[in-house]
Amino acid sequence: MTNVAVVGVGQTKFGELWEHSLRDLGVKAAAAALGDAKAEAGIVQSLYIGNMSAGRFLGQEHLGALIADNLGIPHIPAVRCEAACASGSVALRSAYLDIKSGNADAALVVGVEKMTDLANDEVSMTLAAAGDQEWEAGIGLTFAGLYALMARAHMHKFGTTREQLAMVSVQNHSNGKNNPYAQFNMAVTLEDVLNSSVVADPLRLLDCSPITDGAAAALLVSDKLAKQFENPVWILASEQANDAVALHDRKSIVEMQAAKMAAKKAYEKTGLSAKHMDVAEVHDCFSINEIISLEALGFCEPGRGGKFVESGAAALDGEIPVNTTGGLKSIGHPVGATGVRQICDIVRQLRGDSINQIKGAKTGMNLNVGGSGATAVVNILGNELKGA
Ligand code: COA
């Protein structure tokens, strides 16, 4: 089977982008990725769109054909992939498998979401549809509410503190200060987080990722084509696992089984482990999720995520720099785009051109989570073809 490389990445600015339509955003990110690869759109043999809910956010469906047409490549197979906030990663994984299977030599992935055209209460209801409609959304549980339940349980079981949750946000806002694509460039202090307004106790405004418009894209190619490109970054593994949608149907609400399983499969496939990673992007949609994600990926023991962050181990100069350009908290979280944006940032780190470059980074991973953990995708990337 062929190997698969990412040879171009690109993204739009993230934020409230009222002057841009969804198709504008998708096309801009795609053009940026093709430009980064120095490739023409004609190279693309299949197109995968990561998008959670353009139908409800904007009344627009059929995004595969729409974006392909607007890119000037209307006749290639093009499809939208949906798995809530993991839509971008399932699109990337579909493109990866398309090439891996020998069906295509070049596939383009575009993650895109335009959320800010709706009022915030309508956005919350739209997002809540990624939970269990009958048992969660229907009784008024938003995603902030679901993650608040997980946070409380984690605090109760492991002694995770309110301050440790806040440290996740402080660190990610600090990492995003110089990110030109980020929705928020301001630094926040521990006091800012602890004094921000309560959204769903114990989570406060500055524990939450914002509501965001934006797009990100990546061009993937086979071994055969990779030789034509400068600095290919190899996808060493792309693994997905799932779990019950409803939180109460899970074995535990203080850990993410799907994320643990996806990571285990990715580690087994590559022969690598957490200790081999030089950099990681994890899904900090709410501060508690970064803590649970660090545990799921094996960077620390179960229950120790809060202490791990507090120790500085996940900082830019720590043992595993996490969310080095700001994470969802600072960059923003256009839900269908986030998984692809994470890949853009890992690729830049492994090529050596990140805004917050980790010296000598050779291997990195991302964890993109859908909903409160019902879908998890883990990718391991390397600037050399090792362990693949
Ligand atoms: N972090 C920092 N600042 C934020 C913010 C966030 N997450 N969300 C909004 N703000 C700021 C706005 O920029 C605005 O600032 P300004 O007054 O200086 O212009 C102010 O807070 C009010 O913004 P508004 O949009 O009215 O906030 P809100 O209270 O309606 O919404 C949240 C805030 C946290 C409830 C909303 O962002 C949210 O629901 N986030 C979670 C999204 C989500 O669930 N994603 C899926 C994850 S699984």
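The values are calculated or read from the model by the stated rules, or taken from the named source; none is laboratory data. Since the structure is predicted, the reported quantities are computational estimates derived from the model, not experimental observations. Neighbour counts are summed over all protein chains in view; Cβ atoms, including those assigned to glycine, are modelled from backbone coordinates with ideal geometry. Areas reflect the complete protein model, heavy atoms only, side chains present, ligands, DNA and RNA absent. Shrake-Rupley method; radii C 1.70, N 1.55, O 1.52, S 1.80 Å.
Residues of the range 231-255 with an amide N closer than 13 Å to a point placed 7 Å from the Cα of W135 along the Cα-to-Cβ direction: 243-253.
In this simple spin-label model, placing a label point 7 Å from the Cα along the Cα-to-Cβ direction at both E310 and E16 gives a separation of 3.7 nm.
A crude spin-label estimate for the pair E301 and H62, with each label 7 Å from Cα along the Cβ direction, gives 5.7 nm. Trypsin sites (Lys or Arg not before Pro) within the range 170-268: which are DSSP loop residues with at most 14 other Cβ atoms inside 10 Å? Passing both the DSSP loop test and the Cβ count: K227, K251.
The distance separating the Cα centre of the range 86-135 from that of the range 266-306 comes to 22 Å.
In what order, largest first, do Y96, Y267 sit by accessible area if the probe radius is 1.4 Å?
Values: Y96 15, Y267 35 Å².
Highest to lowest solvent-accessible surface, that is Y267, Y96.
For a Förster distance of 45 Å, can you work out the FRET efficiency between the beta-carbons of H248 and D317, rounded to the nearest 0.05?
Details: r = 40 Å, r/R0 = 0.89.
Computed FRET efficiency for H248 and D317 comes out at 0.65.
Pull out a ≥ b ≥ c, the square roots of the eigenvalues of the alpha-carbon gyration tensor of the range 314-361, then state rounded if a/c is under 1.5, prolate if not and a/b is larger than b/c, and oblate in the remaining case. Before the final figure, lay out each step's value.
Values: a/c = 2.52, a/b = 1.50, b/c = 1.68.
The shape class here is oblate.
With +1 on each Lys and Arg Cβ and -1 on each Asp and Glu Cβ, and nothing else charged, work out how big the dipole of the range 232-290 is about its Cα centre, in Debye to the nearest 20. Walk me through the numbers on the way to the answer.
Numbers: 7 positive and 9 negative charges, 56 e Å.
So the magnitude is around 260 debye.
What number comes out for accessible area per residue over the range 316-364 if the probe is 1.4 Å? Units Å², please. Walk me through the numbers on the way to the answer.
Working: 1200 Å² over 49 residues.
Result: 24 Å² per residue.
Applying the Karplus relation 6.51 cos²θ - 1.76 cosθ + 1.60 with θ = phi - 60° to the range 176-186 yields 3J(HN,Hα) values of x, 4, 9, 8, x, 8, 6, 5, 10, 9, 7 Hz, where x marks Gly and Pro. A crude spin-label estimate for the pair E384 and N231, with each label 7 Å from Cα along the Cβ direction, gives 1.9 nm.
For the range 263-388, with equal point scatterers placed on the C-alpha atoms only and solvent neglected, what are the log10 I(q)/I(0) values from the Debye formula at q = 0.21 1/Å, to two decimals? Debye output, listed in q order: -1.32. Residue-normalised convex hull volume from the C-alpha trace of the range 230-330: 124 Å³ per residue. Alpha-carbon geometry of the chain: the Rg and the Dmax are 19.0, 56 Å, given in that order.
Checked against a 22 Å cut-off, the cross-linked pairs K38/K329; K177/K264; K265/K386; K100/K260; K227/K362; K157/K251 give Cα-Cα distances beyond that limit for K38/K329; K177/K264; K100/K260.
Among L25, L34, L97, whose mean-square fluctuation peaks in a Gaussian network model of the chain (Cα, cutoff 10 Å)? For the chain, modelled as a Gaussian network with Cα springs under 10 Å, the answer is L97.
The GluC sites (Glu not before Pro) of the range 239-305 include none that meets both conditions, a loop assignment by DSSP and at most 10 other Cβ atoms within 10 Å of the site Cβ.
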